[in-house]
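Here the structure comes first, spelled out in structure tokens, and everything after it is commentary.
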């Protein structure tokens, strides 16, 4: 399960506070949420402080969003290691 709470910051920035796991059907839910905000011209920040796990598809989504200038902040050590390993694998 993934909980997504949207905080409206100033200047058209949407900060999404995520908690739970970015996996399974929740990956699509997060993608749709981000696409909606990005299509409306908003800057998006993902706060991963309360994310305990991300599967391959979740890590792939985070990587793609980062390449689209979505800012990712406050991830846990586990998520940082998983994301680093995922990105290193795709850089080869």
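Since every read-out is calculated from the coordinates, none of them should be taken as a lab result. Quick caveat: nothing in here was measured; it's all calculated off a predicted structure. Every residue, glycine among them, receives a Cβ derived from its backbone with ideal geometry; neighbour counts consider all protein chains shown.
In table form, for the structure just shown:
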item: Euclidean distance of C-alpha centroids, the stretch 1-48 and the stretch 59-82, integer Å; result: 12 Å
item: Where the Cα pairs of the chain fall when distances are cut into 5 Å bins, in %; result: 3, 15, 27, 28, 17, 8, 2, 0
item: Cα long-axis angle, helix 56-67 against the chain (0 to 90 degrees, to the nearest 10); result: 50 degrees
item: Angle between the chain longest axis and helix 77-91 axis [Cα atoms, degrees, rounded to 10]; result: 80 degrees
item: Sorted by Cβ density within 10 Å, fewest first, the residues 47, 84, 55; result: 84, 55, 47
item: The stretch 2-91, relative contact order [Cα under 8 Å, separation at least 6], %; result: 28 percent
item: Fraction of antiparallel bridges per DSSP, the chain only, in percent to nearest 5; result: 35 percent
item: Ordering of 1-9, 27-35 by burial proxy (mean other Cβ atoms within 10 Å per residue, highest first); result: 27-35, 1-9
